[in-house]
Every structure is written in C-alpha cells, then in structure tokens.
Amino acid sequence: MNPLFIDIRFLDLIDIFFVAVLLYALFRVLRGTVAINILFGIVSLFLIWKLVDALQMELLSQILGAFISVGLVALIIIFQPEIRQFLLALGTTSFFTKLGEKLKFLSLTLREKYEHDIDPIIVACQHMSESKTGALIVITRQNELSQYVDTGSPIDSTISSHVIENIFFKNSPLHDGAMIITKNRIKAAGCIMPVTKKQISAKSGLRHRAAIGISEVSDCIAIIVSEETGKISYSIKGEMKFRVSPQRLQSVLIEELGITGDDK
C-alpha cells in the first residue's frame, strides 16, 4: 500500500455522513448560544488530537487523549440543557423529517433571511414608556429559544403595537413574563427568563436582570421598559444600555437585525 494514500471504504463514507448529520443536528440546537463556541472548540481539539495521533507524536497524543476523556464528563455537565433538548427532539417523529428537509439545501444558509417589522415594537415601547408600563421583549436571531417559549403561553401572532401593549397591560395575566418574538411573529408571552448573576445597578429591577441573563446565553436582543421610570433599555451579549430613546432603539434594531430598506 502506498503510504501517501489512504484506503477509504464505503463504510467510511457512511461513517463520515452520519458524523456530519450528528454535528449538523447539534449545530441546529446550539446555534446562537454561547455553547456553540464551546462545541467548535471541542471539535477543533478533537481534530488536532487525531492529526497528532496520525503523525505518531505519542506523548502529545496521550496528553490530548487524556484531556478529551476527562473533558467528556465536563461536556455532559456544561451541555446538560442542550443535550436534554436534543434528546427530546430526537424522540419526536417529526425530527428526521425536518432534518431531511434541511439537509436538502446543505448549501447551509446559516442565516435565514426573513422580514423584520420593528415599527410596531418601537411604537409600543414609546407608548409603554409614556404610561410607565413595564415590559420585557426578547427578539431572537439564530437561537429561537424554544425551551423558554415553552415556559410561557403560546401566542403565534403577527407583530402589532396593540397586541404588545395589551399583553403588558398591568391587569394582564401575562404582563410579568417576557414576550418572545421569532421570525417576525410573537411566539409566546409570560415566558420565564434566566436571571444574570453579575452585579448591576441597584436601581435595576428583575426585568433588567432577566434581559441581561437571556442575552448572556443567546444571541437575542432584549428590550426593557421600566415600570418605575418608564425608561427604555436594551441588552445584547450580556451588556445593558440604559435610558435610550425610541429613535436610538430603532437604529440599534436596524443595525443588529441587518434590516435593509426592503425589510421596512
């Protein structure tokens, strides 16, 4: 056998295909979360380990191998919520149907394009700011936050300033939780968000802490209207910007969501 060439069997091709499907399914579950960076790091480390092993660098190969073996336990702990979500999805009959449909265009459109109607959101935030109505609106991007959607009441409505204001009206049963907007639709309201553990201003309420918390673990944009002051704030990547005007909020959404003139 020529050492410059590697014998590839038909079973090897099947093996590669199933690994690719598994990695793609994991990517669909983890995309838009901080966990996706950890996944890329682990895959990169594994490939380096295999390369070092193929080059017969025994000492480095053993070190990397031991590190990866121990890392599997840590991996299960770190990815516990995502693994649970993946296994739940795997148990549904529609999982493989949906996955097959997505694999048809494996040109991998990693960023799905859809229209963004932000004007009703801006109008609602301005009205709620004037009336000092507390609100937490979460706009998803790559990560659709389905595990948090399930904690609230399903809405699945087109975006309307009247709908947003009615949901956050003080006597509404859903006004305390978060509203989640995905793919230009209000998916759910009254959703429970994770709360950040970092130290923030003592004047900030639970909504602000929840906004930072959900933006720490995903790529969403969280908008807050303070019930005490009526001021509008937003959080992206765990960073909070306080006391922004409706005009500034509109500019941020246009920039962050990549809205063009055709989307408005």
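The values are calculated or read from the model by the stated rules, or taken from the named source; none is laboratory data. Owing to the predicted nature of the structure, the values given are computational and were not obtained by experimental measurement. We place every Cβ from the backbone using ideal geometry, glycine too, and count neighbours over all the protein chains shown.
Worth pointing out:
- Of I212, I180, all but one fail to be buried (at least 22 other Cβ atoms within 10 Å of the Cβ), over 13 Å from V149 (Cα atoms) and in the same structural domain as I164 (by TED's automatic domain parsing); the exception is I212.
- Qualifying residue in segment 192-206 (condition: under 15 Å from the mean Cα position of the chain (by Cα), within 16 Å of I223 (Cα to Cα) and crowded, with 18+ Cβ neighbours inside 10 Å): yes
- Note on segment 125-159: residues that are in a helix (DSSP H, G or I) and closer than 24 Å to P194 by Cβ total 6.
- Residues that are surrounded by fewer than 20 Cβ atoms within 10 Å (Cβ to Cβ) and closer than 21 Å to T151 by Cα, drawn from segment 217-247: V217, D219
- Just one of the listed residues (D53, D7) is in a helix (DSSP H, G or I) and either at pLDDT below 65 or among the acidic types (D, E) (or both), namely D53.
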